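Data first, discussion second: the structure below is written as structure tokens.
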2 protein chains.
Amino acid sequence: MKVTISDIAKAANVAKSTVSKVLNDSPKISRETKLRVRQIMKEMNYTPSSIATGLARQSSYNIGLLVDMSKGSEFLNQFFYNIIGGIESVIGSLKYELTIANVQHSSPEDHFLNRLVHSKRVDGIIANNSVLTEALAAELDRLQFPYIAIGEIPAPGSWVDFDNELGGRMLTQHLLTQRYSSIAFIGGQRDEKIFTRRYNGYAQALEQSGLTASQDRIINGKADEHEGYRAALTLLQNPDRPDAIVCMTNYAAFGALQAARELGINVPAELGIAAFDEYPLSRYTTPPLTSLNIDTFKLGVSSGHLLMERISGGSGLPSRHLLLEPELILRESTTRN
Amino acid sequence: MKVTISDIAKAANVAKSTVSKVLNDSPKISRETKLRVRQIMKEMNYTPSSIATGLARQSSYNIGLLVDMSKGSEFLNQFFYNIIGGIESVIGSLKYELTIANVQHSSPEDHFLNRLVHSKRVDGIIANNSVLTEALAAELDRLQFPYIAIGEIPAPGSWVDFDNELGGRMLTQHLLTQRYSSIAFIGGQRDEKIFTRRYNGYAQALEQSGLTASQDRIINGKADEHEGYRAALTLLQNPDRPDAIVCMTNYAAFGALQAARELGINVPAELGIAAFDEYPLSRYTTPPLTSLNIDTFKLGVSSGHLLMERISGGSGLPSRHLLLEPELILRESTTRN
DNA sequence: TTGTACGCGTTATCAA
DNA sequence: TTGATAACGCGTACAA
């Protein structure tokens, strides 16, 4: 049933090595031989075994995407499909396949370093920065194994991320342009890098307009609808309440909208609300939310490119960082006319 | 740098075959030998090459998930992460990895049948029924290659799906229980199996209550917010308007809610609205939507199990079908008190 | 219980 | 331009 390179060689009356060269389109094979052998391959319906090729070439033609399926990894969860699509679009055309692996390991022998790296199941790795810890990155560096992080990681790792600082500036500047002047910021934990980045952008935009970020306008916490609601309530019940809020997520913004509605505060007339992420709610709230869209497909594409660069470029390459620009989507929640 | 089975054998003063047997925990190796060899494997940081193992065993220990990244495959898109998690949870513990492959192929040689099946990159396939066409299924059957469809496909294919008919009954029966008596159905195309199933469930529930489904209560179309809005508007502007609507998707339901709001029709008092799917909007509409939740992780688990069953069970197995039960989530949009 | 020898399907290195 | 043969790393009869 299964036809191998030897069968083709026999049928074509040539040596295995000749068939192999035809497969790889070697320049040192005559035109006629190539055509004849290829013809026979069609006829016999031959496809080379990727496993045997991999063994001979010492490469799996496979790249791994690491995920932590245990903690509902909020970020990846939403954009998984797009990121995968992006990665696939670049590695696929280079004849690589994508293997998804869960980092949850029961026994130490099941650790992905063994399952994927040491066993040579993949030639390179892409992983979220929450998965790619500093210790792991160090180990991969030691092994000179190619990897790219999605999200910023410490040197000397290479990574791709969205420009969160720029995002913070964009949202805040937009609110200022719409004549909001007292802008609050809700959601996110102080010790998260992503909060720091976004907050810095927010503060920069304020400063550029001669304003300063005051700490009682900042409320940290889990960026879901409940905390968003509570945070907004706290801010809005203050007599000196803000006239705009930048929210870490669209869920937090949803909570803020609820709070405003309950307090009879009109959005956008009396209060502007802008959120960092677009999916999945921003289009569907009342009023619809002004938010920042991120091109997650492109995130996949970029990480794929960077990884392939490292795989083919050897281990001497300097580390690289890529910041992708978010896009501002204007909607009713900040449209004052 | 790389340590092979021969290195271990040399270091342990045994034959390669002995090391191999230790690796596979063969019962015909003495306790002491095993311990000693294993000790050395630890010390030398040895992990067997999955490629070499695969070649020797004629199996890749890899299963493929096929997706069509081109058309934003509405269904998979949303639940990709959960489905993958489900599949991974069952195949991962069996030492299999998951390869994601895009069925979009530029050249015929890039067709996944070559890239994955003929080249033996994967030992089995899971795919959405929109990808796994009848022709493809027939070809896989001919090759005796194990596969499972997510979503119903014609015999003799094996598949896993949600019980859409049951879902239609559940939503409709619930509405009847809430004393709604004139129930409409919007969204979905006549020629889609999924519409037929759901509609049949709806019609069955009506019949069981002595009612009949009348065709002017059914509006077909794309199940997004625009069509949902238009359909609801049409229904609700009729003097003989329905007092409840079953919607094919939460997006269509979102549109229906909009229409009701514009017409000043109170939901749930004057109009009950229930939707088939829970994510991502149903929790966040005003009022929140009663909807059907589907356990997509379980969908992944089931398809994984069925596939492994076929892989290990040989090719003589009869085809199997699995229907998963949806879960009714009660919310304000149908709560009449 | 352990070891020898060969096979798995391909690539790579030389000769011819 | 083509061919013989040795890797690649592991599994497995079969023999010892």
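The values are calculated or read from the model by the stated rules, or taken from the named source; none is laboratory data. These numbers were taken from a predicted model, which means no experiment stands behind them. Using ideal geometry, Cβ is built from the backbone for each residue, glycine included, and neighbour counts are taken over all protein chains shown. To get the accessible areas, we keep the full protein, side chains included, count just its heavy atoms, and leave off ligands, DNA and RNA. Shrake-Rupley method; radii C 1.70, N 1.55, O 1.52, S 1.80 Å.
Just name the residue that is most open to solvent (accessible area, probe 1.4 Å) out of those in the stretch A:22-43 that are within 11 Å of DNA strand C (Cβ to nearest atom) and either facing chain B (nearest Cβ under 8 Å) or closer than 21 Å to B:Lys120 by Cβ (or both). Working first, answer last.
Initially, the stretch A:22-43 is screened for residues within 11 Å of DNA strand C (Cβ to nearest atom), giving A:22-26, A:28, A:41.
Still in the list and also either facing chain B (nearest Cβ under 8 Å) or closer than 21 Å to B:Lys120 by Cβ (or both): A:22-24, A:41.
Details: A:Val22: 3, A:Leu23: 64, A:Asn24: 85, A:Met41: 27 Å².
In this case the residue turns out to be A:Asn24.
For A:Ser49, work out the one condition from (1) away from DNA strand C (no atom under 14 Å from the Cβ); (2) facing another protein chain (nearest Cβ under 9 Å) it doesn't fulfil.
With respect to (1) away from DNA strand C (no atom under 14 Å from the Cβ); (2) facing another protein chain (nearest Cβ under 9 Å), A:Ser49 is out only on (1).
Take B:Leu55 and tell me if it is open to solvent by 50 Å² or more (accessible area, probe 1.4 Å) and within 12 Å of DNA strand D (Cβ to nearest atom). Talk me through it step by step, then tell me what you get.
Values: open to solvent by 50 Å² or more (accessible area, probe 1.4 Å): yes; within 12 Å of DNA strand D (Cβ to nearest atom): yes.
Spelling it out, B:Leu55 is indeed open to solvent by 50 Å² or more (accessible area, probe 1.4 Å) and within 12 Å of DNA strand D (Cβ to nearest atom).
Going residue by residue through the stretch B:276-291, is there one that turns out to be among the hydrophobic types (A, V, I, L, M, F, W, C) and either surrounded by fewer than 16 Cβ atoms within 10 Å (Cβ to Cβ) or under 22 Å from the mean Cα position of the chain (by Cα) (or both)? Spell out how you get there, then give the answer.
Pass one, the stretch B:276-291, residues among the hydrophobic types (A, V, I, L, M, F, W, C): B:276, B:281, B:289.
When the remaining residues are screened for being either surrounded by fewer than 16 Cβ atoms within 10 Å (Cβ to Cβ) or under 22 Å from the mean Cα position of the chain (by Cα) (or both), the result is B:276, B:281.
Looking through the stretch B:276-291, at least one residue is among the hydrophobic types (A, V, I, L, M, F, W, C) and either surrounded by fewer than 16 Cβ atoms within 10 Å (Cβ to Cβ) or under 22 Å from the mean Cα position of the chain (by Cα) (or both).
Can you find, within the stretch A:1-21, the residue that is nearest to B:Leu143 (Cα to Cα) among those that are within 11 Å of DNA strand C (Cβ to nearest atom) and of a type in the set (S, T, N, Q)? Don't jump to the end; show me each part of the working.
Within the stretch A:1-21, the first condition is being within 11 Å of DNA strand C (Cβ to nearest atom), and the residues that meet it are A:1-9, A:15-21.
Applying the additional criterion that residues be of a type in the set (S, T, N, Q) yields A:4, A:6, A:17-18, A:20.
On the way: A:Thr4: 16, A:Ser6: 21, A:Ser17: 28, A:Thr18: 28, A:Ser20: 25 Å.
Among them, the one singled out is A:Thr4.
Kindly indicate which of B:Thr196, B:Thr234 is assigned to a helix (DSSP H, G or I) and touching a strand residue (DSSP E or B) at 6+ places or on another chain (Cβ under 8 Å). Write out each step before concluding.
On the way: B:Thr196 fails: touching a strand residue (DSSP E or B) at 6+ places or on another chain (Cβ under 8 Å).
Only one candidate qualifies: B:Thr234.
So A:Asn266 fits all but one of (1) more than 19 Å from A:Ser181 (Cα to Cα); (2) over 18 Å from the mean Cα position of the chain (by Cα); (3) open to solvent by 50 Å² or more (accessible area, probe 1.4 Å); what number is the exception?
(1)
Could you check the stretch A:251-282 and list, in sequence order, the residues that are in contact with a Ser or Thr (Cβ under 8 Å, 6 or more places away or on another chain) and on the phi > 0 side of the Ramachandran plot? Explain how you work it out, then say what you get.
Residues of the stretch A:251-282 that are in contact with a Ser or Thr (Cβ under 8 Å, 6 or more places away or on another chain), as a first pass: A:253-254, A:257, A:267-268, A:272-278, A:282.
Matches in the stretch A:251-282: none.
Looking only at the stretch A:21-52, filter to residues that are of a type in the set (Gly, Ala, Ser) and near DNA strand D (Cβ under 8 Å from one of its atoms); which one of those is nearest to A:Tyr96 (Cα to Cα)?
Quick first cut of the stretch A:21-52, residues of a type in the set (Gly, Ala, Ser) only: A:26, A:30, A:49-50, A:52.
Narrowing the set further to residues that are near DNA strand D (Cβ under 8 Å from one of its atoms) leaves A:26, A:30, A:52.
Numbers: A:Ser26: 21, A:Ser30: 29, A:Ala52: 15 Å.
Result: A:Ala52.
Only residues that are of a type in the set (Val, Ile, Thr) and either surrounded by 16 or more Cβ atoms within 10 Å (Cβ to Cβ) or touching a residue at least 12 places away in the same chain (Cβ under 8 Å) (or both): list them for the stretch A:201-254, please. Steps first, please.
From the stretch A:201-254, those of a type in the set (Val, Ile, Thr) are A:212, A:218-219, A:234, A:245-246, A:249; that's our starting set.
Those that are of a type in the set (Val, Ile, Thr) and either surrounded by 16 or more Cβ atoms within 10 Å (Cβ to Cβ) or touching a residue at least 12 places away in the same chain (Cβ under 8 Å) (or both): A:Ile218, A:Ile219, A:Thr234, A:Ile245, A:Val246, A:Thr249.
Which numbered condition trips up A:Ser93, out of (1) among the small types (Gly, Ala, Ser); (2) more than 11 Å from every other protein chain (Cβ to nearest Cβ); (3) free of Cβ contacts under 8 Å to residues at least 12 places away in the same chain?
(2)
For residues that are within 14 Å of another protein chain (Cβ to nearest Cβ) and among the polar types (S, T, N, Q), scanning just the stretch A:125-160, find the one that is nearest to A:Ile100 (Cα to Cα).
By that ranking, first place goes to A:Asn128.
Just name the residue that is farthest from the other protein chains (Cβ to nearest Cβ) out of those in the stretch A:105-124 that are free of Cβ contacts under 8 Å to residues at least 60 places away in the same chain and touching a strand residue (DSSP E or B) at 6+ places or on another chain (Cβ under 9 Å).
Keep residues of the stretch A:105-124 that are free of Cβ contacts under 8 Å to residues at least 60 places away in the same chain, which gives A:105-119.
Pick out the ones that are also touching a strand residue (DSSP E or B) at 6+ places or on another chain (Cβ under 9 Å) and you get A:112, A:115-117.
Values: A:Phe112: 10, A:Arg115: 7, A:Leu116: 8, A:Val117: 8 Å.
Checking each candidate, the answer is A:Phe112.
I'd like the full set of residues that are open to solvent by less than 20 Å² (accessible area, probe 1.4 Å) and of a type in the set (Phe, Trp, Tyr), limited to the stretch B:104-150.
Across the stretch B:104-150, the qualifying residues are B:Phe112, B:Tyr147.
Residues that are farther than 17 Å from B:Asn114 by Cα, in contact with a Ser or Thr (Cβ under 7 Å, 6 or more places away or on another chain), without any contact (Cβ under 8 Å) to a residue 40 or more places away in the chain and not hydrophobic (A, V, I, L, M, F, W, C): does the stretch A:41-57 have at least one? Talk me through it step by step, then tell me what you get.
At the first step, the residues of the stretch A:41-57 found to be farther than 17 Å from B:Asn114 by Cα are A:55-57.
Keeping just the survivors that are in contact with a Ser or Thr (Cβ under 7 Å, 6 or more places away or on another chain) gives none.
No, the stretch A:41-57 has no match at all.
Residue check, B:Leu271 against (1) open to solvent by less than 10 Å² (accessible area, probe 1.4 Å); (2) within 30 Å of the chain's Cα centre (by Cα); (3) away from chain A (no Cβ under 14 Å), all met but one. Which one?
Answer for B:Leu271: the failing condition is (2).
I need a count of the residues in the stretch B:5-16 that are open to solvent by less than 60 Å² (accessible area, probe 1.4 Å) and within 6 Å of DNA strand D (Cβ to nearest atom). Working first, answer last.
First, pick out the residues of the stretch B:5-16 that are open to solvent by less than 60 Å² (accessible area, probe 1.4 Å): B:5-9, B:11-12, B:14-15.
After this cut, where a residue has to be within 6 Å of DNA strand D (Cβ to nearest atom) as well, the list is B:5.
Final tally of qualifying residues: 1.
What number goes with the only condition from (1) assigned to a loop (DSSP other than H, G, I, E, B); (2) surrounded by fewer than 20 Cβ atoms within 10 Å (Cβ to Cβ) that A:Ile153 does not pass?
(2)
Name the residue, out of A:Asn77, A:Asn102, A:Asn45, that is within 21 Å of B:Asn62 (Cβ to Cβ) and polar (S, T, N, Q). Break it down into steps so the answer makes sense when it comes.
Working: A:Asn77 fails: within 21 Å of B:Asn62 (Cβ to Cβ); A:Asn45 fails: within 21 Å of B:Asn62 (Cβ to Cβ).
Only one candidate qualifies: A:Asn102.
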